[in-house]
Structure formats: structure tokens, C-alpha cells
Ligand code: R5P
């Protein structure tokens, strides 16, 4: 059985279809004081997959705690979490004395609740794999960059080919993965982050005048990284800028600022539900879940 929440219905239906399994929803009631009451189906099969992306994560972590414990009580013996977006992965060291290393704490919390955690492009910067924070091969990290790459390539016909641009060095992995399946060329920029909403982006000194470019990244949150990159690309005389991200968090007026910076189109996967979704991760996610269960 796939257990999901109503605000992820679209991906849940596709995933249940791919898995060929029953789909049920967790009913949610919010008390006036903010507490949650969750209701699961009265009895559960022995294998249950819970779909919950961890965008806006704080409340969803509580949902997962209540859901996993209740599912066990109702008969689930084997519980897998499909978290297309895994939050708290960027705070992976103690930057200042006393800071919580959220990546380890959140990964450990989920690893204690579920036998397997399947996710897509978690932001693993200073660690090589999820195994380092979720030992025992509990964590399975997929990448959607090839799916995005194929979608991007299909938007151009004839001899015209866009240039893939990663807005920072970490994006090299997505530029490469998208390039490998499409033959598209790519470059990456250098980013210096001065604050949550203050980043500086520099582009390598290659000639990109009149090229059509696609900025590709794992996640867009405030959008500042992409906006800065777009501004620098425009100053370098590119012909057009499109954006493709795996996780479309896009808080506040991020899309408006991207448009103002000259971005023509924004594409994303449905790992996070958003108006820019054009590529589904459901078949890839279903194959991985079938493998681990
Ligand atoms: C970090 O390096 C990530 O890959 C993204 O570039 C970053 O999280 C995007 O954040 P924002 O949209 O807030 O600039």
C-alpha cells in the first residue's frame, strides 16, 4: 500500500499506478492550538510505502513520526519512506560552534522510523553518500538530472543546441549527468554565498555570446542563485536563458524575480509539486521502491 497526503495527490496517483498498489490517504485534522491529528486506514498490509516530500519540513517531520509509529501499530512490518525532496541536507557541518548538524540528526531520525528511505538528488555536499548519515544502506539516493536533460534536449530541434550552465561548482554533477544522456555541452559558474539572500556568481571566461543557455540545479529556494546567474549570463550576451531544477521550492516572489532577470522558461520535476513541473519522477521512484521492498 502507498500512503500519501492530499497535497501530494498528483504524484501519489502516478506512483501507485507505477507500483500497481493500493493508494490510501492519511487524513489530517489540525486542532486550534496547532497540534495535528492523523488518521490512517484501520488496518495495513505488511509492506507500506509512505510518500512525503520534505519541503516545508518542520511540520512534515512530525507527520512522519506520527504516521510511522501508527502504521507499525496497525500492522505494517516493513515501512519505506519515499521522500522525493529530503530537507535539512545542507547543514552538514558545524559552521559555528554550537550549531546543530541538522543533516545527521534528520537523517538519523528518518532512518530510525523507516527500513528504507528513497529520495531524489539530496544535497550531499561534503559527504559522498547517504550511507554516511543513514548507515546500513537504508538511504537510496536517485538522480533526476538525466530526466531533466532529456526534457531540455527535446525542446530544441535541428542543429540548435543549448548550453547547460550550473550556477555553482556543486551543480557540476547535474550538468554532467544531463550532458551524458544528451550530449549537451556544459559549464559551471563559481558561487560565493554571503547570506541566505546574498550570493555572487562568476562565469568562466568562455565565449557564450548569442548562445541559448539552460541553468540547471538541484534545488531553487529563494531563487537568488539562479537570479544572480541569469543576470551575469545576460551581461555576457547570451541569446536566451531557461531554468531547469529538480526541486522547485521557489519561495516568495522567486518566479517574478527570475522573469525580471530575463529567464524565459522555468522547468522542474514533480519531486516537489509546483506550477513549473514538466517531468515526472514517478517511474524512476517506483522502480527504486520496488527494488528495496
Ligand atoms: C546550493 O548550493 C544549491 O545547489 C542551490 O544552488 C541553492 O540551495 C539554491 O538556493 P537559493 O534558491 O535560495 O539561492
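The values are calculated or read from the model by the stated rules, or taken from the named source; none is laboratory data. Bear in mind the structure is a predicted one, so any value in this text is a computation, not a measurement. Counting neighbours? That spans all protein chains shown, and the Cβs are built from the backbone with ideal geometry, glycine included.
For a quick check of your reading: which strands (runs of 3 or more DSSP E) sit entirely within region 18-128 and have at least 3 residues that are touching a residue at least 12 places away in the same chain (Cβ under 8 Å) and farther than 21 Å from residue 271 by Cβ?
In region 18-128, 36-39 are the strands (runs of 3 or more DSSP E) which contain 3 or more residues that are touching a residue at least 12 places away in the same chain (Cβ under 8 Å) and farther than 21 Å from residue 271 by Cβ.
What's the total number of residues in region 179-198 that are over 11 Å from residue 165 (Cα atoms) and away from the ligand (no atom under 14 Å from the Cβ)?
The qualifying residues number 4.
Can you say whether residue 243 is over 30 Å from residue 21 (Cα atoms), within 14 Å of the ligand (Cβ to nearest atom) and more than 17 Å from the chain's Cα centre (by Cα), as far as the supplied structure shows?
No, not satisfied.
Checking the structure you have, find out if any residue of region 188-207 is at pLDDT 95 or above and over 22 Å from the mean Cα position of the chain (by Cα).
The answer is no; no qualifying residue exists.
Test residue 148 against the criterion of being in a loop (DSSP other than H, G, I, E, B) and closer than 21 Å to residue 276 by Cβ, and give yes or no.
no
Against the condition modelled with pLDDT under 95 and under 30 Å from residue 21 (Cα atoms), how does residue 291 come out, does it pass?
For residue 291, the condition - modelled with pLDDT under 95 and under 30 Å from residue 21 (Cα atoms) - is met.
Please enumerate the residues belonging to region 90-121 that are modelled with pLDDT under 95 and either within 19 Å of the chain's Cα centre (by Cα) or buried (at least 24 other Cβ atoms within 10 Å of the Cβ) (or both).
Within region 90-121, 90, 91, 92 meet the criteria.
I need a count of the residues in region 155-177 that are assigned to a helix (DSSP H, G or I) and either farther than 28 Å from residue 253 by Cα or more than 16 Å from the ligand (Cβ to nearest atom) (or both).
Residues that pass the stated criteria total 2.
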